[in-house]
C-alpha cells in the first residue's frame with residue numbers, strides 16, 4: 001500500500017483567503033459570522049451567515065472560462081491555484097502527468113435559480129446563456145477545475161452532503177494507496193448565497209441569535225439554537241510518498257486513515273452508532289493506538305441533536321475527557337460541502353502552530369458535552385496526529401486521521 005501525503009493546501013474562507021491569515025484567525029478566535037440584511041428582506045427567519053470576499057478573476061481567467069463558473073467553482077479555483085503553488089506543481093507538470101481530481105459539492109442552487117428565473121421571465125430558453133448548463137450541474141466544480149488546469153486523471157464530484165469534502169479526501173487517499181493514481185487534487189466547495197440556504201432556513205435549522213452574530217454558532221454549548229451557514233472552498237494536494245520524495249516536494253502531513261459509515265436511520269436526525277463506527281474504522285485503518293490522537297476536530301454544527309450524538313460517539317470511542325475536542329464551526333459557521341476539506345486545512349495549520357483553536361462561545365456544557373474536554377479558548381497544545389469528523393444529511397459519515405510530516 002502506498003503512503004499518502006499532503007503536499008499543498010489552499011483555502012478561501014471567512015477566516016481568510018491565504019493560509020497565514022487563516023492560521024492567525026484560528027489562533028485569535030476570530031468569528032466570520034455577520035447579519036445579512038438582504039436575507040431579512042427576503043423573509044428569512046435568520047439573516048446570519050458567514051462573510052467572505054467574492055473572487056475577482058478577470059485578470060486571471062478569460063471570459064470564455066469565467067462564463068462557466070458559478071460561485072463555488074470560483075472559490076475552488078482560488079483554493080486549488082494556491083494549493084498547487086505550495087506543492088510546487090506548475091502547468092508543465094500537470095500537462096505531462098495524469099493528475100486526478102475529486103471535489104466535494106452538493107449544490108449549485110444560485111445558478112439553477114438564476115437560469116430558471118430568466119426562462120420564466122423572458123419565455124425564451126436561449127436567454128439563459130451558454131454557460132447556464134455548466135454552472136448549474138453539481139459537477140460544475142470538477143468540470144471547471146479539470147478544464148482550467150488540464151487535469152487528466154480521475155475527474156469526479158463527490159456528493160455526500162456535509163461530508164462531501166471529507167469523503168473526497170478519503171477516496172483520493174484510497175486511489176493513491178492502491179496505486180490507481182499518483183496524485184489527486186481533493187477538496188470541497190460551498191456557495192454562500194440566499195438561494196443555497198433558503199430551504200435550510202425554512203426548516204428552522206439556523207440560529208436566530210441575530211443580536212450577537214459572532215456568538216450565534218455555539219457547538220456543544222447548552223444554549224445552542226441552530227447552525228449558521230458558511231462556505232468557500234478548500235483544496236489539498238494528495239500524493240504518494242514516493243512521488244513527493246522524488247519531486248522534492250514539501251510534505252505537510254500524511255493521511256493515515258479514512259473511516260466511513262451510514263446511519264441507516266432518519267434522513268436528517270443523526271444517531272450515535274453510525275458516527276461511532278466511522279471513527280472506529282478510521283482508527284483501525286490508521287493502525288495506531290487511540291492515545292496517539294492528540295486532537296479531535298468535531299463535526300458539531302451547533303444543533304441540539306447533532307452535537308449531542310457526536311459527543312456521545314466521541315466519548316464512546318475515546319472515553320471521557322481524554323483528548324481535546326473543538327469545532328472550528330464556532331468561528332466559521334457550517335461550511336457544509338466544503339467543511340470536511342476546510343477542517344483538514346484548519347487542523348493542519350493548528351498542528352503546525354502547536355495550538356488548538358478554542359471552541360468559542362462554549363460557555364455552558366450540557367450533559368453530553370460535559371463528558372468531553374472542550375477548550376473554549378486557544379490552547380497551547382502541541383500534537384502530531386488528529387482526527388476529523390464530517391457527517392451529513394441522509395446519515396453519511398466520514399472520518400479522517402492525519403499525522404504531521
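Residues are listed down the side, and each one gets a yes or a no for (1) assigned to a loop (DSSP other than H, G, I, E, B); (2) over 25 Å from residue 34 (Cβ atoms):
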residue: 302; (1), (2): yes, no
residue: 314; (1), (2): no, yes
residue: 320; (1), (2): yes, yes
residue: 340; (1), (2): no, no
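Name the residue that is surrounded by the most Cβ atoms within 10 Å (Cβ to Cβ), counting only residues in the range 249-288 that are farther than 20 Å from residue 162 by Cα and out of contact with any helix residue (DSSP H, G or I) (no Cβ under 9 Å at 6 or more places or on another chain).
Checking each candidate, the answer is 285.
Quick one: is residue 191 over 30 Å from residue 315 (Cα atoms), touching a helix residue (DSSP H, G or I) at 6+ places or on another chain (Cβ under 9 Å) and either free of Cβ contacts under 8 Å to residues at least 12 places away in the same chain or buried (at least 24 other Cβ atoms within 10 Å of the Cβ) (or both)? Before the answer, list the steps.
Numbers: over 30 Å from residue 315 (Cα atoms): yes; touching a helix residue (DSSP H, G or I) at 6+ places or on another chain (Cβ under 9 Å): yes; either free of Cβ contacts under 8 Å to residues at least 12 places away in the same chain or buried (at least 24 other Cβ atoms within 10 Å of the Cβ) (or both): yes.
In short, yes.
Could you tell me whether residue 185 is in contact with a strand residue (DSSP E or B) (Cβ under 8 Å, 6 or more places away or on another chain), crowded, with 23+ Cβ neighbours inside 10 Å and within 24 Å of residue 402 (Cα to Cα)? Spell out the reasoning first.
Working: in contact with a strand residue (DSSP E or B) (Cβ under 8 Å, 6 or more places away or on another chain): yes; crowded, with 23+ Cβ neighbours inside 10 Å: yes; within 24 Å of residue 402 (Cα to Cα): yes.
Against the criterion (in contact with a strand residue (DSSP E or B) (Cβ under 8 Å, 6 or more places away or on another chain), crowded, with 23+ Cβ neighbours inside 10 Å and within 24 Å of residue 402 (Cα to Cα)), residue 185 qualifies.
Tally up the residues in the range 214-248 that are crowded, with 22+ Cβ neighbours inside 10 Å and either without any contact (Cβ under 8 Å) to a residue 60 or more places away in the chain or assigned to a helix (DSSP H, G or I) (or both), please.
Of the residues in the range 214-248, 1 are crowded, with 22+ Cβ neighbours inside 10 Å and either without any contact (Cβ under 8 Å) to a residue 60 or more places away in the chain or assigned to a helix (DSSP H, G or I) (or both).
Against the condition in contact with a strand residue (DSSP E or B) (Cβ under 8 Å, 6 or more places away or on another chain) and in contact (Cβ under 8 Å) with a residue 12 or more places away in the chain, how does residue 161 come out, does it pass? Write out each step before concluding.
Details: in contact with a strand residue (DSSP E or B) (Cβ under 8 Å, 6 or more places away or on another chain): yes; in contact (Cβ under 8 Å) with a residue 12 or more places away in the chain: yes.
Answer is yes for this residue.
Is there a residue in the range 39-59 that is in a helix (DSSP H, G or I), surrounded by fewer than 20 Cβ atoms within 10 Å (Cβ to Cβ) and without any contact (Cβ under 8 Å) to a residue 24 or more places away in the chain? Quick ask: steps written out before the conclusion?
Step one: of the range 39-59, the residues in a helix (DSSP H, G or I) are 39-41.
Those still in the list that are surrounded by fewer than 20 Cβ atoms within 10 Å (Cβ to Cβ) too: 40-41.
Still in the running and without any contact (Cβ under 8 Å) to a residue 24 or more places away in the chain: 40-41.
Yes, the range 39-59 has at least one match.
Scan the range 121-158 for residues that are part of a helix (DSSP H, G or I) and in contact (Cβ under 8 Å) with a residue 40 or more places away in the chain and jot them down. Break it down stepwise before answering.
Here is the first cut: in the range 121-158, the residues part of a helix (DSSP H, G or I) are 121-122, 125-128, 132-136, 140-148.
Answer for the range 121-158, where residues must be part of a helix (DSSP H, G or I) and in contact (Cβ under 8 Å) with a residue 40 or more places away in the chain: 134, 135, 136, 140, 141, 142, 143, 144, 145, 146, 147, 148.
If the requirement is being more than 20 Å from residue 260 (Cβ to Cβ) and either touching a strand residue (DSSP E or B) at 6+ places or on another chain (Cβ under 8 Å) or buried (at least 22 other Cβ atoms within 10 Å of the Cβ) (or both), which of these qualifies: 301, 332? Break it down stepwise before answering.
Values: 301 fails: more than 20 Å from residue 260 (Cβ to Cβ).
Sole residue among the options that is more than 20 Å from residue 260 (Cβ to Cβ) and either touching a strand residue (DSSP E or B) at 6+ places or on another chain (Cβ under 8 Å) or buried (at least 22 other Cβ atoms within 10 Å of the Cβ) (or both): 332.
Quick check on my filter: what residues within the range 79-117 are part of a helix (DSSP H, G or I) and buried (at least 22 other Cβ atoms within 10 Å of the Cβ)?
Taking the range 79-117 and keeping what is part of a helix (DSSP H, G or I), we get 79-86, 91-96, 109-117.
Matches in the range 79-117: 79, 80, 83, 84, 111.
Bear in mind that the values in this text are calculations on the coordinates, not laboratory data. If you're wondering where the values come from, they're calculated on a predicted model, not measured in any experiment. Using ideal geometry, Cβ is built from the backbone for each residue, glycine included, and neighbour counts are taken over all protein chains shown.
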